[in-house]
Structures are given as structure tokens and as C-alpha cells.
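The structure under discussion appears below in the form of C-alpha cells.
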Amino acid sequence: MQDKRLKYLLVVPAVLVVFATAIWPLIDSLRLSFTVGRLTRPNFPQAYIGLENYNWAFFDEPAFWNSVTVTSIYTIVTVALTTLIALGLAMLLAPGGRLRSGVQTLLILPFAMSPALIGVSFRFMFNPEFGLFDAFFGLLFPPLADISWLSDPVLAFVVCVIADVWGWIPFLTLVLIGGLASIPRDTIEAAQVDGAGGWRVFKDVTLPQLMPVLAVVLILKAIFSLKTFDQVYMLTNGGPGTATQTLSHYIYFNGFKYGQIGYSASVAWLMVIPMLVLTYFYAKFVFRKD
Amino acid sequence: MARVSLTNITKRWGDFIGVDNQSLEINDKEFLVLLGPSGCGKTTTMRMIAGLEEPTAGEIRIGDRVVNDDLPKDRDVAMVFQNYGLYPHMTIFDNIAYPLKVRGTPKAEVAPRVEKAAAQVELTEFLHRKPKALSGGQRQRVALARAIVRTPKVFLMDEPLSNLDAKLRVTMRAELKHLSRQLQITTVYVTHDQIEAMTLADRVAVMKNGVIQQLGTPDEIYNDPANLFVAGFIGSPAMNLINGSVKDGMFVTTGGTSLVKVGISDRDAVVLGVRAEDVEIHQPGEGDIDLKVYAYENTGESVMLTVQFGQQRVIARGDRHLRMDMDDTVGLRLNPDHLYLFDPASENRIGNG
Ligand SMILES: Nc1ncnc2c1ncn2[C@@H]1O[C@H](COP(=O)(O)OP(=O)(O)OP(=O)(O)O)[C@@H](O)[C@H]1O
Ligand SMILES: [Mg+2]
């Protein structure tokens, strides 16, 4: 057999697997998004209704827009907080930083935990009766004692953000340490001798050279924030009310709690749009030439 | 405009000593060259002056000020890094302009000064490029331009010409010499190229293993070496060093050949040093000793004659019109005015011929 054909034959199994596990469900979900698909009734999916599901989400469902708002704020806040804190930590921990030590390996620990586990443990820690945070805050500011964090809409959102940021900082810190370590020391020293103070060195020399890595970090974190599900599910289950209901959670609820697969599929496809945009930029930075 | 003084400076990393308790006074407007083999502590010394490396012990002054606790940015020095340290994300123009911008030079002044510095290192046509689009030698010139664009208290130059081709190096050397005369700024210049050291320096500090072996004018370093290391390190070809002893006022080689009259009292172990140009080539019988030619090399500007007696080889430099063949016999005479005697144990110089 000719090499030319053999090479295609060899990748066929991989292509098939990807097709069966990723491409096909994607296409099928697109098909379902144009149907009335109720799991609770026979003859699934029941009927094709064109863009009716999309119409419904856009014009008749405040809950959809609520989850869009929650997800947007959640994404912006967690991306900003995680990246900023991770960058600060990375500056301290990178070679030549002030805190260089063996703690780097420990850093990866929170990241090794599953988001669902993080959700459960934070739920315990914020429990108003026996929670760690509750005891802590109660001691420092007595007025904060016995607040039930997770039943207040704003506080519940804050707790979700804290849990997310806590879980993601280590990984982003490690990536940024790598980025910082690859910046030639000479360039930073040259700037110091040229007369730049700490902040100017950072702004003029460190940051521009870190930019490609930072962009990847931002986009990657945005993608993961957009699709946040497990933590929210374990921590607040979208509540109180729908105060912490992210899009993924909304999709899950409609699809598997209420059985509205067709409608869920259409919302999921709406979520694909921002994902595609982010993925495009991600790929652009990762595979950038030069 | 400032003098730089290092007092009992030591730099240690764990057990390793990079610079060992050295003191050095660099005068105002002086061009001081640090010369020595790789790893002897030249860059380390310079980095301590710049504030990029903290001395383990000792005091550094620039002008009247003790700068040990000053940040690099407050020391008002300009440095050419051995590995250039160019900002890869900036154009050449912005690279050269950076020290001016950071120090708040008025906008209108920046461009003309950058262009002038670029012209001095023949870079004018590359100003819009990024560093990665330049050759090694061109990058090095950018680093040089970034230093000379400003008038700092002190210039620190770490092998700024090492990556230039031979021709450009000669041009840039002259340019630097001219520039330093013009600017009159205290300069510390690191090199391991002796010609650079000899031609540029007001004074040379020869270093080895973190210790300054000799500090002096190029003339002193060349004609009055303090020890065996300096004698052997300076000069090309290296000074001839012949082992032997002194008996009855004569230097006798280990092989037993009585070579030349010297001015020190009898001694068992002595090293005689003589430069190739101080070994005169005569007809057989007309020198101190007749020897066979071991190798003959014509470099164009002169000829190099290698002769061998016993275990020792001696190189003599002759007139460029001299023609010889291997195994010809010549009479050699060592110029008695330019002989150096060293103690092989301490390696210190103990006298002249
Ligand atoms: N950060 C460091 N940690 C440990 N040892 C170091 C460090 N920096 C330099 N050294 C050692 O100190 C010695 C002097 O180094 P330095 O860079 O000053 O040499 P140099 O004279 O500039 O040599 P070259 O001509 O090769 O540039 C070397 O042996 C080097 O290995
Ligand atoms: Mg060096």
C-alpha cells in the first residue's frame, strides 16, 4: 500500500472516535434544538418547530436572561480576580521573585481537587452552624456571626466566586510562573540600569513580554468560567432562587430536571457563540507564528 | 562625572568566591579596563558597580556617595550587557530611546539624540526593526547605542565589541576611543581581548580567579609585569618563559645551557621571561647561542621563529623580510634590557635581566 494512503488510514480510528464522541453529539444537539423534545413524553423528539426554541429563550424567558447575566458577571469577576491574584503570586514565586521556595509544588494541590469537591467543601465551610468561615468571621466581626451565607443572593454569589477563584489560582499561577521564567533576566536588568523603577520595569518590559502567556491564561480561564457547572451545582444549586444560576446550570435544569431537551439544546447552542469567539482567539495565541 | 571606588569587595555564592576582597580606585574620567580569562570575575565586578549584584562584603562608592544600598536606577550608570539585554518587543529606536524616556527627557530631544547615537554605531538604517531581525553584531551595537545615548556618571561596558567582525571591531574601537575622549566619562570596560585593553585603557586591571593581579597603565602591564600570570597573559605571542637557575650571575637553563648574564644573586629555581620581539635573530655564531629552527611562520607583518633547546621552546620575532627554513641554524641573543625574572614558587617577579 502506498504511504500516502496509509497515513490517512492510520488516523481513521482517531477521527472516528472524535466524530462519535464530539462531532456527532454536537450535530445531533443542533438538530434537537429545532424540535420539541420532551423526555417525559413518547415519540421523542416530538416535532420540528424551526427556531421556536430560540425565540422562546430570547423573548419569553426571563430565566434565560438571568442566567446570561449571572454567567457574564461571574465570568468577568472570576477571570479578573483569578488572573490578578495569580499574576501577583507568580511575580513573588518566579525565579528572582521574593518568595521563591519549595511551595510551588504545593500550589498545584487545590487544582488537583475536582470542582464538585471544592463545591462541597466550601458549602461546609460556609455553613452558618458549624462552618469554618462562619466561626472565623463571627470571631473577627461579631455582627457577621451566624449569617447564612448561602441563603443571601449576593453572598451566595460571592461564595461561588471565592470557591472558583480559590480553585483556579494555583494552575494560573504555575502557568504565569513559567511565562515569567522565560523572560530573559537581562532585559529586566537593563531596564533597571536604564533608570526604570519597579512598576515601570513591570509595565514596560515584563508585561509586554508576558503578554502572549497572559492572553492564553485570560482566554482559557474565561472559557472555563463560562461553562462553570459542578461547583455551583454542589454549592448553591443555582440558588437562592436563581441568584447563582449559570448558563450551564440552566441548561442542565431544563434538560434533565424538566425534560425539555429541545429547548436545552437551543440554549446550549447559544452558549457556543461566545465559546467559539474565545476559542478562536485562544488558538490564535497558542499557534501564533513568531 | 565621578570616581568609582571599590573597597574590600567580596562576592561569594555559597563556598564559591567570585571576587575575593578586592579594592580598586577608578579615577574621574578614567577609562579602566578589566582584563582576564573567562570566569575570573570581570562581569561580577561590573554588576556589583551597577547594583545588579550585591557584594557579600565591602563598600562601593560612586562619586562621594556610598551606593551599596542604592537601586540600579538611582546609580546613574549606563551598561552594555554581555548578552545585550535588548527589549525584544521594542523597535531599535525605542530600545535606544528607553533610558531617555524613563528619565523624563523632553520629547523633542529624544529623536535627535537617538539618531545621533545610532549613527555613531552605524545603525541608522535599522532603527525601525525589532532586535530579532538583526545579526549578533548589530544587536551588540544597539546595546552600545543605548548606553551612549545618555551622559551617565559611569559607563559600564561588558565586552561590547566581542561579537563584531574583525574590521568593524577596529572601527568601533577607534570610535569608542574617540567618544570616551570627547565625553570624558568614567568608564569601566570588560574585555578579554588584549589589543582592546592596550589601545583603549588609561589603566588596565588584570584579574585572575577573582583577584586583581596587577593594576597599571598598558605600558606598565606590558613592560613591567608584576608576576608570571600577567607576563604570560599579556602579549601575543605569549612571553617566552624559560625555567632554570642563576649561577655566578648567569642564567642557566634546566638543560644546563648557560644563556645570559642577569643582575640577581645566585638562586636555584628561576623563571626567565623574554618577549619574542626581544629575542634577536643573528647569523650563527653572532648571538649568545646557536640553535636549530624548529618552525618558521610568516605572518606578513613579521616572521615568527620557533627554536628548541632541551625541553624548552622559544619564539623569536624577526623582520618581515627574513627568510628561513626548518633546520637552518641561527644565533639568538636575548636583549639584556628586557628580561624578567620570576620566582616559580610565589610566581612573583624578582628582578630584571
Ligand atoms: N549567580 C551565580 N552563582 C554562582 N556562581 C556564579 C554566579 N554568577 C557568576 N558566578 C561564577 O563567578 C565566576 C565569575 O563570573 P563572571 O561572570 O564574573 O566571569 P567573567 O570574568 O565575566 O567571565 P567571561 O569572560 O566568561 O564573561 C564564574 O566562575 C561564575 O561561574
Ligand atoms: Mg563576563
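The values are calculated or read from the model by the stated rules, or taken from the named source; none is laboratory data. A quick note: this is a predicted structure, and the numbers were derived from the prediction, not measured. Cβ placement follows ideal geometry from the backbone for every residue including glycine, while neighbour counts extend to all protein chains displayed. Side chains are part of the model used for accessible areas, which takes the heavy atoms of the whole protein and leaves out ligands, DNA and RNA. Shrake-Rupley method; radii C 1.70, N 1.55, O 1.52, S 1.80 Å.
Look at residue B:147 and say whether it is closer than 30 Å to residue B:21 by Cα, away from ligand 1 (no atom under 16 Å from the Cβ) and of a type in the set (Gly, Ala, Ser).
So residue B:147 fits the description; yes.
Given the criteria at the interface with another protein chain (Cβ under 8 Å from one of its Cβ atoms), under 19 Å from residue B:138 (Cβ atoms) and not hydroxyl-bearing (Ser, Thr, Tyr), does residue B:71 qualify?
Judged against the criteria, residue B:71 is not a match.
Out of the residues in segment B:77-87 meeting the condition of being facing another protein chain (nearest Cβ under 8 Å) and not aromatic (Phe, Trp, Tyr), tell me which one is most open to solvent (accessible area, probe 1.4 Å).
Only one residue fits best here, namely B:83.
When the residues of segment B:7-23 are narrowed to those that are open to solvent by less than 10 Å² (accessible area, probe 1.4 Å) and among the aliphatic types (A, V, I, L, M), which ends up farthest from ligand 2 (Cβ to nearest atom)?
This residue is B:9.
Say we look at segment B:61-76 and pick out the residues that are within 18 Å of residue A:190 (Cβ to Cβ) and open to solvent by 60 Å² or more (accessible area, probe 1.4 Å); which of these is farthest from ligand 2 (Cβ to nearest atom)?
That would be B:74.
Count, please, the residues in segment B:196-214 that happen to be closer than 16 Å to residue B:171 by Cα and without any contact (Cβ under 8 Å) to a residue 40 or more places away in the chain.
Residues that pass the stated criteria total 2.
In segment B:31-60, which residues are surrounded by fewer than 18 Cβ atoms within 10 Å (Cβ to Cβ), more than 14 Å from chain A (Cβ to nearest Cβ) and more than 13 Å from ligand 2 (Cβ to nearest atom)?
Hits for segment B:31-60 are B:56, B:57, B:58, B:59.
What pairs can you find where one residue is in segment B:88-114 and at the interface with chain A (Cβ under 9 Å from one of its Cβ atoms) and more than 24 Å from residue A:212 (Cβ to Cβ), the other is surrounded by 14 or more Cβ atoms within 10 Å (Cβ to Cβ) and of a type in the set (Ser, Thr, Tyr), and their Cβ atoms are less than 9 Å apart, with a gap of 6+ or different chains?
B:99/B:105
Looking at segment A:1-28, which of the residues that are within 30 Å of residue A:48 (Cα to Cα) and not aliphatic (A, V, I, L, M) is least open to solvent (accessible area, probe 1.4 Å)?
Restricting to residues being within 30 Å of residue A:48 (Cα to Cα) and not aliphatic (A, V, I, L, M), the top hit is A:28.
Counting only residues that are open to solvent by 80 Å² or more (accessible area, probe 1.4 Å) and among the hydroxyl-bearing types (Ser, Thr, Tyr), which one in segment A:29-84 is nearest to residue A:270 (Cα to Cα)?
A:48
When you check residue A:209 against the structure, is it within 14 Å of chain B (Cβ to nearest Cβ), touching a Lys or Arg at 6+ places or on another chain (Cβ under 6 Å) and of a type outside the set (D, E, K, R), yes or no?
Considered against the rule, which asks whether it is within 14 Å of chain B (Cβ to nearest Cβ), touching a Lys or Arg at 6+ places or on another chain (Cβ under 6 Å) and of a type outside the set (D, E, K, R), residue A:209 comes out as no.
What residue, among those in segment B:316-329 that are part of a strand (DSSP E or B) and modelled with pLDDT under 90, is surrounded by the most Cβ atoms within 10 Å (Cβ to Cβ)?
Selected residue: B:318.
Among the helices (runs of 4 or more DSSP H) contained in segment A:126-218, which hold 3 or more residues that are over 28 Å from the mean Cα position of the chain (by Cα) and outside the structural domain of residue A:81 (by TED's automatic domain parsing)?
By residue number, no helices (runs of 4 or more DSSP H) qualify.
Spot the failing condition for residue B:83; the list is (1) away from ligand 2 (no atom under 16 Å from the Cβ); (2) without any contact (Cβ under 8 Å) to a residue 24 or more places away in the chain, and only one is missed.
With respect to (1) away from ligand 2 (no atom under 16 Å from the Cβ); (2) without any contact (Cβ under 8 Å) to a residue 24 or more places away in the chain, residue B:83 is out only on (1).
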